[in-house]
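Asker: Starting off with a structure, shown below.
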Amino acid sequence: AMKFNGYLKVRIGEAVGLQPTRWSLRHSLFRKGYQLLDPYVTVSVDQVRVGQTSTKQKTNKPTYNEEFSATVTDGHQIELSVFHDTPIGYDDFVANCTLHFQDLLRSAGPSDSFEGW
């Protein structure tokens, strides 16, 4: 597998269509209707967290426009995860996506950037 060595810059734009979690539904003050999340996104390279966005309150389509960068050695994959910020205990997992460097490098254009997910 192709490994990535270099400078990584990730821009988190927005998330859309996030679904409420069981925890958020159970703790909802508004039992009926659609439960909104307090979501944030983490950026990890090979299981090591290199960035985390701010938490956006009460929304299932948060806009972040936040940028993170890291120097990567022998990188295999990037993982983006969305969590619901809970007031107590562990934060609630909402969704994730794994991108492999070899796929990104293969599809990168002349500008060496990739846009997706």
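Coordinate-derived values only; no laboratory data. Just so we're clear, the structure is a prediction, and the values are computed from it rather than from any experiment.
Asker: Mind listing the phi-derived Karplus ³J(HN,Hα) values for region 18-23, rounded to whole Hz, using 6.51, -1.76 and 1.60 with θ = phi - 60°, and x for any glycine or proline?
Answerer: So the Karplus estimates, Gly and Pro as x, are 5, 9, x, 9, 4, 4 Hz.
Asker: Could you run the Karplus curve 6.51 cos²θ - 1.76 cosθ + 1.60 with θ = phi - 60° over region 87-94 and give me ³J(HN,Hα) per residue in whole Hz, x for Gly and Pro?
Answerer: x, 9, x, 6, 5, 8, 5, 10
Asker: Once you treat every alpha carbon in region 4-107 as an equal point and sum by Debye, what is log10 I(q)/I(0) at q = 0.09 Å⁻¹?
Answerer: Results for region 4-107 at q = 0.09 Å⁻¹ read -0.26.
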